[in-house]
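See below for the structure under consideration.
The values are calculated or read from the model by the stated rules, or taken from the named source; none is laboratory data. Predicted, not measured: the structure shown is a model, and the values here were computed from it. All Cβ positions, even for glycine, are placed from backbone atoms using ideal geometry, and neighbour counts span all protein chains on display.
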Amino acid sequence: MKDHTFQDCVKCTVCTAYCPMAAVTPFYIGPKQAGPDGERYRLKDKSFYDYALKYCLNCKRCEVACPSGVRIGDIIAKAKLDSPSFKPGLREWVLANTDLMGSLAVPFSRALNPILGLDVSKKMMDGILGIDHRRQFPAYAKETFEHWYRRKAAKAQKRFSKQVYYYHGCYANYNNPALAQDLLKILNACGYGVQLLKGEKCCGVALISNGLGAQARRQAKANLAALRKADGPVLTTSSTCTMTLRDEYAHVLGLDNANVRDNITLALKFLSEKVDSGEIRLAFRSDYQKHIAYHTSCHMERLGWWIYSLNLLRMIPGVRLDVLESVCCGISGTFGFKKENYELSQEIGRKLFDQIRDAQPEIVATGCETCKWQIEMSIGFEVQNPVSILAEALDIEETTRLNAARP
Ligand code: SF4
Ligand code: SF4
């Protein structure tokens with residue numbers, strides 16, 4: 001299935017001005033040439049321009065900028081998947097199979113996390129797999145969120161008359177269950193029980209970007225089956241998972257997700273809209289005081305949903321909020337882990353790092369886990385999902401009381 005939006009290109013080159021990769025290397029030909037222009041050639045020969053496609057970060061900033069609605073990032077992502085020259089190796093397989101790696105790592109996380117941080121381990125991964133030795137892997141949790149949920153939370157969710165579903169994704173499940181627990185805490189205080197999808201898999205974004213199209217399609221089909229069974233809104237905490245489930249499944253993998261797409265939404269959008277409509281009320285701690293800088297991740301920019309995070313963060317009385325100029329952090333999922341991309345990844349992130357250093361916040365807020373890894377590793381500032389900030393700033397007891405009397 002071809003993406004025919006390439007025909008709408010008016011050759012204005014605005015996309016190139018917004019492309020973070022074109023800005024840092026002359027080896028990338030830019031979105032216009034790699035996307036709509038290249039597509040005309042690829043109609044005749046699938047491998048045309050393929051040497052340049054590997055530079056595309058799939059950040060979609062070109063799509064946000066394009067005045068003609070050309071789905072440039074999608075065109076390039078599909079061309080990469082279809083190209084006979086893009087063959088994933090062991091490294092791509094390891095980086096993209098987040099469910100498998102997470103399930104193997106979590107039971108041994110106490111021993112594994114320090115080992116992953118050792119110089120000798122990093123050098124081995126660099127030499128054997130081509131994962132840059134300067135890159136730090138996120139720590140694995142001691143217990144998956146799913147396991148914790150079954151053990152500690154599932155039963156308590158049944159007492160709520162209103163129910164939502166939560167697509168937690170790999171990061172909250174294997175690396176940061178505290179984020180998922182924070183969401184439960186907020187939703188329960190607002191009067192909502194939280195159910196998990198039966199048979200959820202990784203959204204597959206890393207499979208798509210690493211050229212594992214067939215596996216990405218299999219996982220996407222499993223997720224679509226799970227999403228179709230949900231009889232309430234499906235909430236998310238990761239901007240990238242959200243965009244993948246809603247847009248990449250149809251645009252890049254060619255799967256029909258029309259009957260579930262509008263049911264998938266960011267938890268912060270759900271909450272912000274419910275607060276604005278008066279359906280839920282929030283009460284905040286008077287002693288919560290923080291200087292926060294908000295970073296708009298690339299896929300949050302594409303969704304256009306950063307406004308909901310800002311709306312909620314601005315409700316917290318003790319928050320001083322700086323909104324940073326929206327630029328790419330440079331990591332782009334697994335891209336920045338690869339040895340040949342490390343320097344580019346840091347160069348792209350420099351504009352964001354400088355803004356954070358200038359602002360000197362106590363916390364950087366962002367809806368993307370890989371931006372968190374990049375910022376924390378590169379400049380050492382603490383990064384949190386706004387969901388966790390909200391959970392900490394809320395007076396849970398008072399919020400529960402305010403919402404208990406509401407239908
Ligand atoms: S998706 Fe990002 S990196 Fe790729 S062409 Fe568009 S702006 Fe450039
Ligand atoms: S911004 Fe859109 S219309 Fe302009 S060159 Fe890029 S793809 Fe074509």
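For the range 1-70, please list each of the helices (runs of 4 or more DSSP H) lying entirely inside it that holds at least 3 residues being within 9 Å of ligand 2 (Cβ to nearest atom) and of a type in the set (A, V, I, L, M, F, W, C). Counting at least 3 such residues, we get 14-18.
Within the range 43-67, the set of residues being farther than 21 Å from Lys338 by Cβ and within 14 Å of ligand 1 (Cβ to nearest atom) comprises Cys62, Glu63, Val64, Ala65, Cys66. Inspect all residues belonging to the range 343-357 and state whether any of them is on the phi < 0 side of the Ramachandran plot and modelled with pLDDT under 95. The answer is no, given that none of the residues of the range 343-357 is on the phi < 0 side of the Ramachandran plot and modelled with pLDDT under 95. When the range 15-40 is filtered for residues that are surrounded by 16 or more Cβ atoms within 10 Å (Cβ to Cβ) and farther than 22 Å from Asp82 by Cα, the ones remaining, listed by number, are Cys15, Thr16, Tyr18, Cys19, Pro20, Ala22, Ala23, Val24. Within the range 47-71, the set of residues being within 19 Å of the chain's Cα centre (by Cα) and β-branched (Val, Ile, Thr) comprises Val64 only.
Within the range 353-392, being polar (S, T, N, Q), touching a His at 6+ places or on another chain (Cβ under 9 Å) and under 21 Å from Ile316 (Cβ atoms) holds for Gln360, Thr366.
Where residues in the range 29-46 are touching a Ser or Thr at 6+ places or on another chain (Cβ under 7 Å) and of a type in the set (D, E, K, R), which of them is farthest from Cys59 (Cα to Cα)? Among those residues, the one meeting the criterion is Lys46. Across the range 235-279, the number of residues qualifying as β-branched (Val, Ile, Thr) and closer than 30 Å to Leu402 by Cβ comes to 6.
Only one entry in Ala172, Ala105 is under 17 Å from Thr370 (Cα atoms), of a type outside the set (Phe, Trp, Tyr) and in contact with a Phe, Trp or Tyr (Cβ under 9 Å, 6 or more places away or on another chain), namely Ala172.
Could you count how many residues in the range 308-352 are farther than 17 Å from Arg61 by Cα and among the β-branched types (Val, Ile, Thr)? Residues flagged as farther than 17 Å from Arg61 by Cα and among the β-branched types (Val, Ile, Thr) within the range 308-352 amount to 4. Answer with yes or no whether Ile331 is out of contact with any Ser or Thr (no Cβ under 7 Å at 6 or more places or on another chain) and either buried (at least 16 other Cβ atoms within 10 Å of the Cβ) or part of a loop (DSSP other than H, G, I, E, B) (or both). Answer is no for this residue.
Is there a residue being modelled with pLDDT of 95 or more, farther than 27 Å from Val275 by Cα, in contact with a helix residue (DSSP H, G or I) (Cβ under 9 Å, 6 or more places away or on another chain) and basic (Lys, Arg) anywhere in the range 201-212? Yes, the conditions are met somewhere in the range 201-212.
Among the residues of the range 315-334, those that are farther than 30 Å from Thr399 by Cβ, β-branched (Val, Ile, Thr) and either within 16 Å of ligand 2 (Cβ to nearest atom) or in contact (Cβ under 8 Å) with a residue 60 or more places away in the chain (or both) comprise Val327, Thr334. Kindly check whether there is at least one residue in the range 343-362 that is in contact (Cβ under 8 Å) with a residue 24 or more places away in the chain and within 16 Å of ligand 2 (Cβ to nearest atom). No, the conditions are met nowhere in the range 343-362.
Taking the conditions (1) more than 16 Å from ligand 2 (Cβ to nearest atom); (2) acidic (Asp, Glu); (3) buried (at least 20 other Cβ atoms within 10 Å of the Cβ) in turn, Glu146 satisfies each one other than (3).
Taking every residue in the range 42-56 that is within 15 Å of Gly30 (Cβ to Cβ) and of a type in the set (Gly, Ala, Ser) and pairing it with any residue that is within 14 Å of ligand 1 (Cβ to nearest atom) and at pLDDT 90 or above, at least 6 positions away or on another chain, the pairs with Cβ-Cβ distances below 9 Å are Ala52/Phe27; Ala52/Tyr28; Ala52/Ile29; Ala52/Gly30; Ala52/Gln33; Ala52/Ala34; Ala52/Gly38.
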